[in-house]
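Accompanying notes for the structure given below.
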Amino acid sequence: MIKHSTILTVGLINLIGLCLFQWYVASLLNDGMGLTNFHLFIPLILVGMNMLLWFVGQKIQFYQYWLLLYAGYAFSILLFYTVLYMDIDAAAGEGLPPGEVYWDLFLFVFIYAFMQLIIFCFLHIVTYILYRLFKKLFLLSVNSSL
């Protein structure tokens, strides 16, 4: 039986972790350090964090881990866009049509969010295959020991 507190714990960890990582990327942009390819490693870090939660004993269904991860991801993208939107200097768009700066921001966030989503989907497929193999090997070892 899965406890609701377990689902809530995993959901909060995903939500907080994703928001912190997206905030870190946004702060790199705001500090003028430029955006490295670190944002592409965010999905790897979070999948590793969820696997650690699974091994520690936060046993919920496989699809629930990913559902909570995608929900946290959607919220973190909204937070990322909001933080960058509040930091836009409207004067920087002088000479451009009205709203061009905001459209560029939208495209920038969309492109990086889409790249991260592709990585999440790829990792979802890979972890599902590993999960099924691990489950099958575990069941074979349990059945052979009986």
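Taking 0.36 nm per intervening residue step and subtracting the Cα-Cα distance, what contour gain separates residue 104 from residue 24 on full extension?
Using 0.36 nm per residue and subtracting the Cα-Cα distance, I get 26.8 nm.
What FRET efficiency comes out for residue 82 versus residue 133 if R0 is 35 angstrom and r is the Cβ-Cβ distance? Round to the nearest 0.05.
For R0 = 35 Å, the calculated efficiency reads 0.30.
Show me 12-22, 106-116 ranked by packing, highest mean number of other Cβ atoms within 10 Å first.
Ranking, from highest mean packing down: 12-22, 106-116.
At R0 = 35 Å, how high is the FRET efficiency between residue 114 and residue 54 if r is their beta carbon distance? Nearest 0.05 is fine.
The value I calculate is 0.80.
No lab work stands behind these numbers, since they all come straight from the coordinates. Since we're looking at a predicted model, the values are computed, not measured. Methodologically, a virtual Cβ is constructed for each residue, glycine included, from the backbone with ideal geometry; neighbour enumeration extends over all protein chains shown.
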